[in-house]
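Please treat every number below as a calculation from the coordinates, not as lab data. Given the structure is predicted, the values throughout are model-derived calculations rather than measurements. Virtual Cβ from ideal backbone geometry, glycine too; neighbours counted across all protein chains shown.
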Amino acid sequence: MDLGQLRRGAVAYCILALLRGGERYGWELASVLHDAGLIAGEGTLYPLLARLREMGWVDTEWKPSPHGPPRRYYRLTVAGVQALAAFIERWGRFRDAVDQILRGSEDA
C-alpha cells in the first residue's frame, strides 16, 4: 500500500477539522491541504467535498466575492461534527497502536 491510500482516507476528516473554525470556500481548503502535502491540487478536493455534502456532513452556500465570481462556502453540519468527533477518538487509538508497533513495541 502506498502512502496515497492512507492520505485519501484521512483527508475527508481533515476537511471537517478545518471547518470547525467556521465556513471556508474551496480554494482556502485546497490551499491548506496542498501546503500540508495532503492533496495534489483542487481537482482532487471538489469530488470529495461533493461526497461530504451528499453524506450530510457539510452544507454549502454561494456568496458574492469581492474578487470575482461568487464562491461556494462549506460549513460543518451537526452530523459532520459527530463524524469528526468519532474519527478523532478512533484515530488516536489507531495512531498510538501503529506508533507502538513501528517503534518495536509489540504490546499494542
Exercise. Please state the charge dipole magnitude for the chain, taken about the Cα centre, from unit charges on C-beta atoms (+1 on K and R, -1 on D and E), reported in debye and rounded to the nearest 20.
Key: 320
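Report the full-extension gain for the segment Ala50 to Trp27: residue separation times 0.36 nm, less the Cα-Cα distance, to one decimal in nm. Walk me through the intermediate numbers first.
Working: separation 23, 0.36 × 23 = 8.28 nm, distance 1.42 nm.
Full-extension gain reported as 6.9 nm.
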Quiz item: Between the helical axis of 42-54 and the dominant principal axis of the chain, each derived from Cα atoms, what acute angle in degrees is found, rounded to the nearest 10?
Solution: 90
Quiz prompt | Low-density loop positions, GluC sites (Glu not before Pro), segment 1-83 - DSSP coil, at most 16 other Cβ in 10 Å | solution = Glu23
Quiz prompt | Shape metrics for the chain, restricted to C-alpha atoms - Rg then Dmax, Å | solution = 16.0, 56
Self-check item: Order of His67, His34 under a 10 Å beta carbon neighbour criterion, fewest first
Solution: His67, His34
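Using helices alone, what [θ] at 222 nm do you get for the chain, with -39,500 (n - 2.57) per DSSP H run of 4 or more residues, divided over all residues and rounded to the nearest 500?
Details: 4 runs with 65 residues, N = 108.
After summing the helix terms and dividing by residue count, I get -20000 deg cm²/dmol.
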Quiz item: Once phi is turned into ³J(HN,Hα) by the Karplus curve 6.51 cos²θ - 1.76 cosθ + 1.60 with θ = phi - 60°, what whole-Hz value does each residue of segment 11-25 show in order, with x for glycine and proline?
Solution: 4, 4, 6, 5, 4, 4, 5, 5, 7, 4, x, x, 5, 9, 9
Quiz item: Under a 5 Å amide H to amide H cut-off, with H placed in plane at 1.01 Å, what residues pair with Thr77 once short-range neighbours are removed?
Solution: Val58, Asp59
Quiz prompt | Degrees between helix 78-102 axis and first principal axis of the chain (Cα, 0 to 90, nearest 10) | solution = 30
Quiz item: In what order do Ile39, Ile15, Ile101 fall by count of nearby beta-carbon atoms within 10 Å, going from fewest to most?
Solution: Ile101, Ile39, Ile15
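Using Cα pairs closer than 8 Å and at least 6 residues apart in sequence, work out the relative contact order for the chain, in percent.
25
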Practice problem: Search the structure for amide H atoms under 5 Å from the amide H of Arg24, placed 1.01 Å from N in the peptide plane, and list their residues when 5 or more places away or on another chain. | Solution: Tyr74
